[in-house]
Amino acid sequence: MRLALSAILLLASTSAAAQTAPQISVDTLKQVTERLSSDEFEGRAPATAGEEKTLAYLVERFQKAGLKPGNKGSWFQDVPLVEITSQNVTPLSFTGGKTPVSLDYRKDVVIATYQVTPKTVVKDSDVVFVGYGINAPERGWNDYAGVDVKGKTVVILVNDPDWQTQELKGEFGGRAMTYYGRWTYKYEEAARQGAAAAIIVHDTEPAAYGWGVVQSSWTGPQLEQDTPGDHMDQSKAIGWIQQDAAKALFASAGKDYAALLEAAKHKGFKAVPLGVKAQVSFDNTIRRQASKNVVGILPGSERPDEYVLYSAHWDHLGRCDAVNGDDICNGALDNASGTASLIALAEAHAKVGPAKRSLVFLAVTAEESGLLGSKFYAENPVFPLARTVGGVNMDGVNNVGRAKDFVLVGVGKSELEDLVKPFVAAQDRVIVPEPTPERGYYYRSDHFSFAKLGVPMLYGESGEDLRVGGKEAGKKAADDYTEHRYHKPQDQYDPSWNWDGALEDLRIFYGLGRQLAEGTTWPNWYPTAEFRAIRDKSRAGK
Ligand SMILES: [Zn+2]
C-alpha cells in the first residue's frame, strides 16, 4: 500500500499538469456558442454592430476566465480593413488570335483587384501561360524561368503539378496540396513577377470546389487588409476563368490545351506566350473599415517572454442570402463553437494556474474574408513570432459524439504531430491523416497565417469514425453539415448537440498546450515542410 501510494505521489509531483484531467466546462461551451450565434449578434460580420457585441462579450468572458489583456493593457489589436466592390466589369477579352474571345463576367470569369484604386484597366496585355505558376527554388522548380511577364497577363493552373498522384510522395507532396497549389500563392507569385493580371483556370477537382463557390465568393464586396501603399505592388487584376473558357482561349491562340496541361506537370516546363492580348476594366468602390482581434494572456511564471498560442476566429458571414426568410448566417459551428472552445481552454488553464511559459488566447477577425485577422497578427505580432513556441487553432468542433479517430490536417509537417500522439493514444484513439489532402484544408484557416511565417501550428479534429454508428454515421453527419448548414443561415445552435467528442478533442489541445507551456522545447517543422526555412531564419534572428 505504502509503495503504491508513494509511486502515485511521485507521478503526481513529476508531471502534475499532464496527469490531471483538465476541467473543461461543457456549460461554457454551450453558453458561449448559443450566445455568439444568437440572432442578436447578426452573424458577427466584421465592422458591424454584431462585432461590437461580440467583442464586448469576449472581453467579459476572457476577464471572467482569469486572463489578462494581452496587448499592452488592452484586450484589442486594431485590424485595418478595406472593402472593395467592383462594378461595371467589362468582359475579359482576348484579341490577336484566330477568333476574338470575349468572356462574360460571372458566367465565364470572375475578376477583382487587391489594389485600392477607383479604376482598374488592363489593356493590350500580352498573355502568357505559366503552367502552375510556381517558383520554388528549394525544389528546383520555376515556371517563370526565362520569361519576363512584367505588365503581362499570366494564365495559371490551380493546385500543384503532382495533384493527380495517388501517393503522398512527389515533387509537391504527391496528392496532398502544398501551399504552391493555393490560389493565394498563385497571385502572390504573379505579383512578385510583375504581372499586370493573373488568371487562374478553374477545374472543380483540383480546386476542391465548384464554379458556384468561386462565383459567390469573388463577386460583391471584398475585404482586404488596409495597408500603407494600398497594395499597388500587387497585380492590377486577379481572377478565375472557367475551364471551357480557357480551352476557347487556347484554341484561338492555336495552342493544344491538353498537351500544355500535360507539359506543365513536368520539371523544366517553359512558359508559353499565347500570342494574344488581354483587355478588361472595372470601377471600384472603396470603403475603409476597422475591425479587431481580441488578445488575452495567462502570463508565464518562469519564462513569460515565451508564448504558446491558441487561436479561433470570432467572425462569420453576417447577413447573407436568405433561406426560408432567414438572412442571418449565425455561424454556430463556424466558428462560435471554436471561440467557445478558446474560452473553455482559457478557463481550464487559469484554474490550474500559470504555466512556466505564457499562454496566449487569440480570437481573430475576418477569417471568412481570407484569414485577414490572423494574417494581420502574424505580420504585426503582439508577441514576437520567434518567441512563440507553437500553437493550436480551432475552427468548428465535433458536435456529433465521440470519435475513435483524430484527424491531423496537413499531416507530415511539424514535430507537434509527435508531441500530440500520447494525448490521442491516452483516449484510445488513433491518428489518421486527412481523407482529402488534395483539397489543402491546412491552408484554409487561421493556423496557416502563423505557419506561413514559421510558427508551428497544429490543426486537428475528430475524424468520422464515431464510437456510436461508426464511419457511416460520421460521414452522414459531415455530409449533412456541408450540404445543409455550411456557410448558410442553417448553421444554428441546437441544444441537442452532443459535446462529448469536442470535450475529448479539447483535452488533447489542453494537454499539448500545457506540455509546451511547462517545457523548454521548441518543436520545429520537418525538414521537407514549406515553412521550415522561414522558422529557422526567424529563430536564429530572435
Ligand atoms: Zn471557420
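Would you please name the residue that is nearest to Glu52 (Cα to Cα), looking only at residues in segment 325-346 that are touching a residue at least 60 places away in the same chain (Cβ under 8 Å) and surrounded by fewer than 20 Cβ atoms within 10 Å (Cβ to Cβ)? Lay out the reasoning, then the answer.
Taking segment 325-346 and keeping what is touching a residue at least 60 places away in the same chain (Cβ under 8 Å), we get 326-337, 339-341, 343-346.
Filter once more, keeping what is surrounded by fewer than 20 Cβ atoms within 10 Å (Cβ to Cβ): 326-327.
On the way: Asp326: 22, Asp327: 20 Å.
Only one residue tops the list, namely Asp327.
Can you run down the residue pairs with Cβ atoms below 6 Å, 6 or more apart or on separate chains, where the first is in segment 444-463 and over 18 Å from Leu385 (Cβ atoms) and away from the ligand (no atom under 16 Å from the Cβ) and the partner is modelled with pLDDT under 95 and among the hydrophobic types (A, V, I, L, M, F, W, C)?
From segment 444-463, the pairs are Gly463/Val432.
Just checking, how many residues over segment 377-400 are surrounded by fewer than 20 Cβ atoms within 10 Å (Cβ to Cβ) and in contact with a helix residue (DSSP H, G or I) (Cβ under 8 Å, 6 or more places away or on another chain)?
1
Tally time: how many residues in segment 252-284 are of a type in the set (Ser, Thr, Tyr) and within 15 Å of Val158 (Cα to Cα)? Break it down stepwise before answering.
From segment 252-284, those of a type in the set (Ser, Thr, Tyr) are 252, 257, 281; that's our starting set.
Then keep just the ones that are within 15 Å of Val158 (Cα to Cα); that gives 257.
Here the count works out to 1.
Collect the residues in segment 442-459 that are part of a helix (DSSP H, G or I) and under 8 Å from the mean Cα position of the chain (by Cα), keeping them in residue-number order. Spell out how you get there, then give the answer.
Restricting attention to segment 442-459, the residues satisfying the condition of being part of a helix (DSSP H, G or I) are 442-443, 447-452.
If the condition is that a residue be part of a helix (DSSP H, G or I) and under 8 Å from the mean Cα position of the chain (by Cα), then Tyr442, Tyr443, His447, Phe448, Ser449 are the ones that fit.
Taking segment 355-402 as the region of interest, how many residues are within 16 Å of the ligand (Cβ to nearest atom), assigned to a loop (DSSP other than H, G, I, E, B), of a type in the set (D, E, K, R) and more than 29 Å from Lys475 (Cβ to Cβ)?
0
Any idea how many residues of segment 392-413 are at pLDDT 95 or above and closer than 20 Å to Arg535 by Cα?
Qualifying residue count, segment 392-413: 2.
What number goes with the only condition from (1) touching an Asp or Glu at 6+ places or on another chain (Cβ under 7 Å); (2) closer than 20 Å to Tyr443 by Cβ that Leu157 does not pass?
(1)
Does at least one position in segment 478-495 carry a residue that is assigned to a helix (DSSP H, G or I) and modelled with pLDDT of 95 or more? Give the derivation first.
So the first thing to find is which residues in segment 478-495 are assigned to a helix (DSSP H, G or I), and the list is 478-484.
Filter once more, so that each one left must be modelled with pLDDT of 95 or more: none.
Within segment 478-495 (the criterion being assigned to a helix (DSSP H, G or I) and modelled with pLDDT of 95 or more), the answer is no, since none of the residues qualifies.
Between a residue in segment 390-403 that is farther than 12 Å from Gly501 by Cα and any residue that is within 11 Å of the ligand (Cβ to nearest atom) and assigned to a loop (DSSP other than H, G, I, E, B), which pairs come within a Cβ distance under 8 Å, given they are 6 or more apart or on different chains?
Final answer for the pair search is Asn393/Ser445; Asn393/Asp446; Asp395/Glu367; Asp395/Ser445; Asp395/Asp446.
If I go through segment 465-512 residue by residue, how many of them are farther than 23 Å from Thr28 by Cβ, in contact with a strand residue (DSSP E or B) (Cβ under 6 Å, 6 or more places away or on another chain) and aromatic (Phe, Trp, Tyr)?
So the count comes out to 0.
Name the residues in segment 301-324 that are away from the ligand (no atom under 16 Å from the Cβ), hydrophobic (A, V, I, L, M, F, W, C) and over 28 Å from Leu67 (Cα atoms), would you? Walk me through it before giving the result.
Residues of segment 301-324 away from the ligand (no atom under 16 Å from the Cβ): 301-309, 319, 321-324.
Subsequent filtering for residues that are hydrophobic (A, V, I, L, M, F, W, C) retains 308-309, 322-323.
Selection gives Ala322, Val323.
Going through Ala208, Ala197, Ala136 one at a time, which residue ends up being within 30 Å of Gln289 (Cα to Cα) and not charged (D, E, K, R)?
Numbers: Ala208 fails: within 30 Å of Gln289 (Cα to Cα); Ala136 fails: within 30 Å of Gln289 (Cα to Cα).
That would be Ala197, the only listed residue that is within 30 Å of Gln289 (Cα to Cα) and not charged (D, E, K, R).
I'm trying to understand the selection: among the residues of segment 325-354, which are within 16 Å of the ligand (Cβ to nearest atom) and touching a Cys at 6+ places or on another chain (Cβ under 7 Å)?
Taking segment 325-354 and keeping what is within 16 Å of the ligand (Cβ to nearest atom), we get 329-342.
Hit for segment 325-354 is Cys329, nothing else.
Scan (1) closer than 14 Å to Ser358 by Cα; (2) touching a Gly at 6+ places or on another chain (Cβ under 6 Å) for the single condition Gly513 breaks and write down its number.
The number of the failed condition is (2).
Conditions (1) outside any strand (DSSP E or B); (2) more than 23 Å from Ile134 (Cβ to Cβ); (3) among the acidic types (Asp, Glu); (4) touching a strand residue (DSSP E or B) at 6+ places or on another chain (Cβ under 8 Å), marked per residue:
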residue: Leu260; (1), (2), (3), (4): yes, no, no, yes
residue: Pro273; (1), (2), (3), (4): no, no, no, yes
residue: Arg287; (1), (2), (3), (4): no, yes, no, yes
residue: Pro304; (1), (2), (3), (4): no, yes, no, yes
residue: Ala312; (1), (2), (3), (4): no, yes, no, yes
residue: Ala322; (1), (2), (3), (4): no, yes, no, no
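Anything in segment 35-81 that is assigned to a helix (DSSP H, G or I), among the aliphatic types (A, V, I, L, M) and either touching a Lys or Arg at 6+ places or on another chain (Cβ under 6 Å) or in contact (Cβ under 8 Å) with a residue 40 or more places away in the chain (or both)? List them, or say none. Please lay out each step first, then the result.
Start the filter on segment 35-81 by keeping residues that are assigned to a helix (DSSP H, G or I), which leaves 35-36, 39-41, 49-65.
If we keep only those that are among the aliphatic types (A, V, I, L, M) too, we end up with 36, 49, 55-56, 58-59, 65.
Leu36, Leu55, Leu58, Val59, Ala65, listed by residue number.
Out of all the residues in segment 479-507, which are small (Gly, Ala, Ser), touching a residue at least 60 places away in the same chain (Cβ under 8 Å) and out of contact with any Gly (no Cβ under 6 Å at 6 or more places or on another chain)? Quick ask: steps written out before the conclusion?
Step one: list which residues in segment 479-507 are small (Gly, Ala, Ser), which gives 496, 501-502.
So of that shortlist, the ones also touching a residue at least 60 places away in the same chain (Cβ under 8 Å) come out as 501-502.
Ala502 - this is the single residue of segment 479-507 that is small (Gly, Ala, Ser), touching a residue at least 60 places away in the same chain (Cβ under 8 Å) and out of contact with any Gly (no Cβ under 6 Å at 6 or more places or on another chain).
Go through segment 105-122 and give me each residue that's farther than 16 Å from Ala198 by Cβ and assigned to a strand (DSSP E or B). Quick ask: steps written out before the conclusion?
At the first step, the residues of segment 105-122 found to be farther than 16 Å from Ala198 by Cβ are 105-108, 116-119.
Listed by number, the residues that qualify are Tyr105, Lys119.
The values are calculated or read from the model by the stated rules, or taken from the named source; none is laboratory data. The shown structure was predicted, so the numbers you read here are calculated from the model rather than taken from an experiment. All Cβ positions, even for glycine, are placed from backbone atoms using ideal geometry, and neighbour counts span all protein chains on display.
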